[in-house]
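First the structure, in the form of structure tokens, and then the observations on it.
The values are calculated or read from the model by the stated rules, or taken from the named source; none is laboratory data. Nothing here was measured: the structure is a model prediction, and the numbers come from that model. Virtual Cβ from ideal backbone geometry, glycine too; neighbours counted across all protein chains shown.
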Amino acid sequence: MPLTCHPYAAPHDLDVLLAFLRQIRPPERAADFPSAIDLRELLALSQVQADTALWRNAAGQLAAYSLVDQYNNLLFEWDPQLISPDLPGEIIAWGVARRRARPAEDDETPTLDASCSADNLERIALLEAHGFVREPVYSIHLARDLSAPISQPVLPPGFTIRPAGGAAEAEAWVVLHRAAFGTERMELEERLAMLAEPEYDPQLDLVAVAPDGRLAAYCMVQISREENARTGRSEGYTDPVATHPDFQRRGLARALLLTGLHLLKDRGIATALMGTSSENTPMLETARSVGFGVVSTGVWFSKPV
């Protein structure tokens, strides 16, 4: 049955997409990226809404979706019972066209990027067949059993850890994020989307504050009861984590992670999860110092457009 491509229409299509995820994913994959939380946050952004498409058959059934996120990453999934043989190529061609329509930085060679689990051989073969080239950088996924002892956090003199200040502090949080990661890509709209997520818990959204009152570091601790109900697991997240360059190498990330681990354990969570990049050696060392171990990796690809 032929498929037709439709632009994303908020808010109705968000509910359709969330139902689609529940339908096509087995319970053990419910937390895979992009999860329901990820999609809600992504599709709160106007740019991502404009670069999202849905493929439906003649009966109106959703067969696939694709989006290019704010960082030029192509995300897509389909119902294997409904796709047509030419759909993968059509989705990638659509993604390339959407990426080409975006402005490029002066020093940037525009690419469309994609990632998947290192053991997803089918997705890797598909990307490589359509001109994506594997990058040397890869994602590292870590886990920590919360039944094991957790050290108490230690802060430098004058520093404190507290919950972030919500929308009133959102702009300062964005400034911290940009400085920590050396990027201008994080926008206020994206931070506000995080705060609007239905499962967002303000008591788990942590910041470290310097003696002069500046935000020095942050750690977003998160629990998705929805995901845990679907997977049958008891998991929470302690990422992203970031420290302003002015305050690095003082143990702030470690103190935030330990605080987050205690909060998750206090809420009855059994396992903490987090991720980082293979390039971020300090973060990997910090994660290991508080008991995290590597459980899987993800590979990255880019396609010049």
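Side notes on the structure shown:
- Restricting A255, A272, A287 to those that are in contact with a Gly (Cβ under 7 Å, 6 or more places away or on another chain), crowded, with 22+ Cβ neighbours inside 10 Å and in contact (Cβ under 8 Å) with a residue 60 or more places away in the chain reduces the list to A272.
- For segment 212-237, filtered to residues that are free of Cβ contacts under 8 Å to residues at least 40 places away in the same chain and buried (at least 19 other Cβ atoms within 10 Å of the Cβ), the residue that is farthest from the chain's Cα centre (by Cα) is G236.
- Condition met for S139 (small (G, A, S), surrounded by 12 or more Cβ atoms within 10 Å (Cβ to Cβ) and either part of a loop (DSSP other than H, G, I, E, B) or at positive phi (or both)): no
- Scanning segment 87-122 for residues that are surrounded by fewer than 18 Cβ atoms within 10 Å (Cβ to Cβ), free of Cβ contacts under 8 Å to residues at least 40 places away in the same chain and not in a loop (DSSP other than H, G, I, E, B) returns A93, A97, L121, E122.
- Residue in segment 268-285 that is in a helix (DSSP H, G or I) and either of a type in the set (K, R) or within 20 Å of P163 (Cα to Cα) (or both) present: no
- Some residue of segment 80-92 being on the phi < 0 side of the Ramachandran plot and under 18 Å from the mean Cα position of the chain (by Cα): no
- Residue list for segment 63-79, filter: assigned to a strand (DSSP E or B) and either more than 21 Å from the chain's Cα centre (by Cα) or among the charged types (D, E, K, R) (or both): A63, E77
- Enumeration of residues in segment 57-71 that are closer than 21 Å to Q81 by Cα and either without any contact (Cβ under 8 Å) to a residue 40 or more places away in the chain or surrounded by fewer than 18 Cβ atoms within 10 Å (Cβ to Cβ) (or both): N57, A58, A59, G60, Q61, S66
- If you go through segment 70-117 and pick out every residue that is of a type in the set (A, V, I, L, M, F, W, C), in contact with a Leu (Cβ under 7 Å, 6 or more places away or on another chain) and closer than 12 Å to T52 by Cα, you end up with 2.
- Residue match in segment 27-34 (condition: of a type in the set (D, E) and under 23 Å from L112 (Cα atoms)): yes
- Cβ-Cβ distances below 9 Å connect the following pairs, each with a first residue in segment 182-206 that is of a type in the set (S, T, N, Q), a second residue that is part of a helix (DSSP H, G or I) and surrounded by 16 or more Cβ atoms within 10 Å (Cβ to Cβ), and a separation of six or more residues or different chains: T183/H177; Q203/L263.
- Those residues of segment 21-62 which are among the acidic types (D, E), in a helix (DSSP H, G or I) and within 18 Å of P11 (Cα to Cα), in sequence order: D38, E41
- Scanning segment 14-43 for residues that are surrounded by fewer than 18 Cβ atoms within 10 Å (Cβ to Cβ) and either in the same structural domain as T231 (by TED's automatic domain parsing) or of a type in the set (G, A, S) (or both) gives a single hit, A19.
- Count - residues of segment 1-17 that are assigned to a helix (DSSP H, G or I) and either among the basic types (K, R) or closer than 19 Å to A97 by Cα (or both): 0
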